[in-house]
Amino acid sequence: MANFEVIIYQKQDGIGYVTLNRPQALNAYNLQMRDELYQVLGAIKDDPEVEVVIFHGAGERAFCAGADLTEFLTAPSPIIARQVRWERDIWGLFLSITKPLIAALHGYVLGSGIEIALCCDIRLASEDTQFGLPEPGLGIIPAAGGSQTLPRVIGRAGALDILLSGRWVRAEEAHRLKLVNRVVSRAELLPEAEKLARKIKTHSPLAVSYAKQAVMRGLDLSLEEGLALEAKLGHGLLALSSTPDNRG
Ligand code: COA
């Protein structure tokens, strides 16, 4: 894989580690990060050796403080800058990954930062984490799926409260709102994420992937359609599991 500058991608024992790596700018999401992340996500999707992925941020202060404001303001126009982002459809790629994705969050988790976290399946946060969507205060709306993923995770009222007011939410409240699954100390953050990843990895990757698909795809269906989807996936899994190559 290519050498990256603003993303560190490592894999060990079936776990992929994606580190947003611009700590001097609080890991703000810039075009280079988008391009590198796009390549990394493609690799994660296609690499059978990677079964679970952990996302986190380099440095002490942030997972990600949102879109890079310097770049944003120097782009030809916000409209063109955003169009480029949509064309690459990094968020579609993110959400199409059927492997479990864990976000290990600390410090500032703003704008694109919270949106990356929302593309993950399980979110752990250290006690010092602060979440926010500053976009409306900048005269824009989220462009990385946040207006759709946040209400799907915490419900309409909570999402609108955070989005429209622009207020920031600390870890404990984020836990109450079910934006994060667990709050841990900073020292425990990565060990907890790894413990969870290793636990998931004890299961068949195929069963894990099918279970994720059943939940994720089912969320957009009626109960009846969802039950039909579950039955279809269940039968498909059984058929695949009984073929010699897929019993692991
Ligand atoms: N884009 C580009 N650079 C950013 C950034 C962003 N979104 N967020 C932080 N940085 C940079 C700062 O410019 C600063 O760089 P410098 O040391 O070269 O001056 C460095 O990261 C540290 O940030 P700083 O603002 O000095 O830290 P702070 O503790 O005073 O404030 C925040 C932290 C998160 C409150 C503040 O940086 C902030 O509001 N950032 C923007 C958040 C935002 O609106 N994101 C866009 C969402 S669409």
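The values are calculated or read from the model by the stated rules, or taken from the named source; none is laboratory data. Since we're looking at a predicted model, the values are computed, not measured. No Cβ is skipped: glycine too gets one built from the backbone with ideal geometry, and neighbour counts run over all protein chains shown. Calculation scope for accessible area: heavy atoms of the full protein, side chains included, ligands and nucleic acids excluded. Shrake-Rupley method; radii C 1.70, N 1.55, O 1.52, S 1.80 Å.
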**Request:** Calculate, for segment 104-248, the solvent-accessible area per residue in square angstrom, rolling a 1.4 angstrom probe over the heavy atoms of the protein chains.
**Result:** 53
**Request:** Please give every one of the lysines within straight-line cross-link reach of K199, meaning a C-alpha to C-alpha distance under 21 Å, and leave out same-chain neighbours fewer than 8 residues apart.
**Result:** K11, K45, K99, K212
**Request:** For the chain, with a Gaussian network of springs between Cα atoms less than 10 Å apart, report the residue from L26, L196, L223 with the top mean-square fluctuation.
**Result:** L223
**Asked** Taking only Cα atoms, what is the 0 to 90° angle, nearest 10, from helix 205-218's long axis to the longest principal axis of the chain?
**Response** 60
**Request:** At q = 0.23, 0.29 Å⁻¹, work out log10 I(q)/I(0) for segment 1-51 with the Debye formula, treating every Cα as an identical point scatterer and leaving solvent out; two decimals please.
**Result:** -0.83, -1.14
**Request:** Using only Cα atoms, tell me the angle between helix 156-165 and the longest principal axis of the chain; keep it within 0 to 90° and round to the nearest 10.
**Result:** 20
**Mean Cβ count within 10 Å, highest first, over the residues of peptides 158-169, 48-59** = 48-59, 158-169
**Message:** Given contacts defined as C-alpha pairs under 8 Å and at least six residues apart, what's the relative contact order of the chain, whole-number percent?
**Reply:** 16
**Request:** With viscosity set to 0.692 mPa s and temperature to 37 °C, compute the Stokes-Einstein D of segment 84-150, Rh being the Kirkwood radius across alpha carbon pairs; µm²/s, no decimals.
**Result:** 261
**Request:** Tell me what the chain gives for mean residue ellipticity at 222 nm when only DSSP H runs of n ≥ 4 count, each as -39,500 (n - 2.57), the sum divided by the residue total, rounded to 500 deg cm²/dmol.
**Result:** -15000 deg cm²/dmol
**Request:** Give the percent of DSSP beta bridges with both residues in the chain that are antiparallel, rounded to the nearest 5.
**Result:** 30
**Neighbour net charge for V184 - beta-carbon separation under 13 angstrom, K R +1, D E -1** = -2
**Request:** For the chain, restrict the atom set to alpha-carbon positions and state the Rg and Dmax in Å.
**Result:** 18.1, 56
**Message:** Helix 31-46 against the longest principal axis of the chain: what's the angle in degrees, Cα atoms only, rounded to the nearest 10?
**Reply:** 0
**Asked** Under 19 Å Cα-Cα from K232, which aspartates and glutamates qualify once same-chain neighbours fewer than 8 residues away are excluded?
**Response** D220, E224
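Take the solvent-accessible surface of the protein heavy atoms, probe 1.4 Å, and return the percent of it on the chain that carbon and sulfur atoms account for.
Working: 7100 of 12560 Å².
Whole-percent figure for carbon plus sulfur exposure: 57.
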